[in-house]
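Working notes, structure below.
The values are calculated or read from the model by the stated rules, or taken from the named source; none is laboratory data. It should be emphasised that the depicted structure is a prediction, and the values quoted were computed from it without experimental measurement. FYI the Cβ positions are ideal-geometry reconstructions off the backbone, even for glycines, and counts take in every protein chain you see.
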Amino acid sequence: MSKRFDAVVVGGGVIGCAVAYELQKAGVKVVLLERGTIGQESSSAAAGMLAPNAEADQDDEFLRLCLKGRALFPRYLEELEERTSQRVEWHQSGLLRVPGSEEEASVLARRYQWQKEAGIRIQWISPEEIRELEPHLKPTTRHALYLPDEANLDNAQLTRVLALAARSRGAEIREHEEVRAPILDQRRVLGVTSTVGAYYSGTTIYAAGAWTTRICPTEETSIPVIPVRGQMLALRAEHPLISRIIYSRDGYLVPRSNGEILVGATVEWAGFDKRNTAGALERLLQAALNLAPELESATFTRAWAGLRPGTPDTLPILGPDPFWQGLIHATGHYRNGILLSGITAKLTAELVVQGRTSFPLEAFSPDRFHVSAKTQSTTR
Ligand code: FAD
Ligand code: GLY
């Protein structure tokens, strides 16, 4: 079997589905190939936070990309609902960033200063204000950063709705079909072969998450995407204990509208191992109880793990491959792939359709890993 499309998207996580939707919306005929089912990996394992400020250490291109990514969400979800009649649960809940020690409180106080100067809505709130916002947090919580614009959504639902929206625009979404290798001609990628057949296209987009390196054309020109395990668990309390995201160095709590409180997450370099381990779950539970002691009597409902697509510098990998014409990367989103899904898709579609993007992608370019290899290839 051999078929021709304008674009082949590899990977049916939140990034691949968002890219397929945006391309098809721009009139590009897309096939998306997913080796299992839509959203089966990191995109369903995530906590669904749209929280660029909670982790930002500096005002840089990455923070700007994340803020742009968050800003488009409310309208983006409305657009998806108009198209699919499916609502993605979304809350601009706000987030409390709680320090674990006086030392960390000084670090957060500095963060407060620069984020405020950068124009971010942020408050350094008193114990009384903490109590007013979240009465069930540990009574001794003395400091917190309050970020009212941080939000969260149901990430598994978002991924499914994106796939549905892409399909309704005319994209072909093929599950249970694994991409084996790119089809190469000289320095060009002409498409991919899969477990079912061959797909030819002008543009091939790799959005295979933590597995992207495996399908790069050659080892020496591959991009480095590294699996970073995140273990999570969920609790259900008798009555709602928190209404905002509570974020600390040791763990975070994300309230969901079905009554569950998600507790996350570990950051582990354990290869492609998605097990839950006893030690990690114990530490997550301890972190949760430290933040909100009344969770002690909550019901444990489930635990899971996902593999974040990490990169050596923790930045995503976005844009054309430096060696292989016709190949574009949309991967390496590490801790923020849900947040960055919409903006990644819009910029990738701009690249495919117009050959340029409305936001600079230099800081995220795949070139950055290949300085020496690129020199070799141009002198060869
Ligand atoms: P994935 O969702 O992993 O999708 C890649 C897909 O490619 C998979 O479905 C896979 O089956 C498929 N695939 C791989 N190889 C092939 C092949 N050869 N052929 C066909 N298909 C293939 N981000 C946030 O923004 N907010 C959060 O709160 C958040 N919390 C997180 C918590 C945890 C515990 C974890 C693990 C991650 C979290 N993230 C969060 C990160 C986020 O989940 C990821 O950045 C995002 O899901 C990456 O999406 P993706 O589509 O690139 O990858
Ligand atoms: N962004 C939260 C996580 O990756 O755990």
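Select from the stretch 199-245 the residues that are surrounded by fewer than 19 Cβ atoms within 10 Å (Cβ to Cβ) and part of a strand (DSSP E or B) and list them in ascending order. Answer for the stretch 199-245, where residues must be surrounded by fewer than 19 Cβ atoms within 10 Å (Cβ to Cβ) and part of a strand (DSSP E or B): Y200, G202, I226, R236. With the condition kept exactly as written, say whether any residue in the stretch 296-310 is more than 16 Å from ligand 2 (Cβ to nearest atom) and in a helix (DSSP H, G or I). Checked against the condition, which is being more than 16 Å from ligand 2 (Cβ to nearest atom) and in a helix (DSSP H, G or I), the stretch 296-310 yields at least one hit. Inspection of the stretch 105-126 finds no residue satisfying the criterion of being in contact with a Ser or Thr (Cβ under 9 Å, 6 or more places away or on another chain), surrounded by fewer than 16 Cβ atoms within 10 Å (Cβ to Cβ), at pLDDT below 95 and not small (G, A, S). The number of residues in the stretch 272-305 being within 14 Å of ligand 1 (Cβ to nearest atom) and either of a type in the set (G, A, S) or in contact with a helix residue (DSSP H, G or I) (Cβ under 8 Å, 6 or more places away or on another chain) (or both) comes to 6. Filtering the stretch 222-269 to residues that are modelled with pLDDT under 95 and touching a His at 6+ places or on another chain (Cβ under 8 Å) leaves only S257. Of the residues that make up the stretch 32-49, is at least one farther than 23 Å from Y21 by Cα, within 18 Å of the chain's Cα centre (by Cα) and in contact (Cβ under 8 Å) with a residue 12 or more places away in the chain? Checking the stretch 32-49: not a single residue is farther than 23 Å from Y21 by Cα, within 18 Å of the chain's Cα centre (by Cα) and in contact (Cβ under 8 Å) with a residue 12 or more places away in the chain.
For the stretch 132-147, the set of residues classified as surrounded by fewer than 17 Cβ atoms within 10 Å (Cβ to Cβ) and acidic (D, E) consists of E132 only.
Here are E150, E175: which of them is surrounded by fewer than 15 Cβ atoms within 10 Å (Cβ to Cβ), touching a residue at least 12 places away in the same chain (Cβ under 8 Å) and under 22 Å from the mean Cα position of the chain (by Cα)? Answer to the check: E175.
In the stretch 207-250, the qualifying residues are those that are of a type in the set (K, R) and out of contact with any strand residue (DSSP E or B) (no Cβ under 9 Å at 6 or more places or on another chain), and the one that is farthest from L291 (Cα to Cα) is R214. When you scan the stretch 81-104, do you find a residue that is of a type in the set (A, V, I, L, M, F, W, C) and assigned to a helix (DSSP H, G or I), even just one? No, every residue in the stretch 81-104 fails to be of a type in the set (A, V, I, L, M, F, W, C) and assigned to a helix (DSSP H, G or I). Of all residues assigned to the stretch 319-326, at least one qualifies as being buried (at least 23 other Cβ atoms within 10 Å of the Cβ) and either closer than 24 Å to E22 by Cα or without any contact (Cβ under 8 Å) to a residue 40 or more places away in the chain (or both).
I'd like to know if the stretch 53-61 contains one or more residues that are at pLDDT 95 or above, within 16 Å of ligand 2 (Cβ to nearest atom) and under 22 Å from R229 (Cβ atoms). Looking for residues that are at pLDDT 95 or above, within 16 Å of ligand 2 (Cβ to nearest atom) and under 22 Å from R229 (Cβ atoms), one finds none in the stretch 53-61, hence no.
Apart from one condition, R187 fits all of (1) under 29 Å from P322 (Cα atoms); (2) under 27 Å from the mean Cα position of the chain (by Cα); (3) basic (K, R); the exception is (2).
As a summary of the residue check, A47 satisfies the conditions (1) farther than 12 Å from A207 by Cα; (2) within 16 Å of ligand 2 (Cβ to nearest atom); (3) in a helix (DSSP H, G or I) except for the one numbered (3).
Just give me the residues in the stretch 230-245 being touching a helix residue (DSSP H, G or I) at 6+ places or on another chain (Cβ under 9 Å) and either charged (D, E, K, R) or more than 13 Å from ligand 2 (Cβ to nearest atom) (or both), in sequence order.
The answer is L235, A237, E238, L241, I242, S243, R244.
Among the residues of the stretch 257-278, write down those that are over 28 Å from T213 (Cβ atoms) and either more than 15 Å from ligand 2 (Cβ to nearest atom) or touching a Lys or Arg at 6+ places or on another chain (Cβ under 8 Å) (or both). Of everything in the stretch 257-278, those that are over 28 Å from T213 (Cβ atoms) and either more than 15 Å from ligand 2 (Cβ to nearest atom) or touching a Lys or Arg at 6+ places or on another chain (Cβ under 8 Å) (or both) turn out to be S257, N258, G259, E260, I261, L262, A278.
Could you please tell me which pairs satisfy a Cβ distance under 9 Å, a separation of 6+ or placement on different chains, a first residue in the stretch 296-310 that is among the acidic types (D, E), and a second residue that is more than 11 Å from ligand 1 (Cβ to nearest atom) and modelled with pLDDT of 95 or more? Correct list of pairs: E296/L289. Being within 16 Å of ligand 1 (Cβ to nearest atom), modelled with pLDDT of 95 or more, in a loop (DSSP other than H, G, I, E, B) and among the β-branched types (V, I, T) holds for only one residue in I338, I328, I343, and it is I338.
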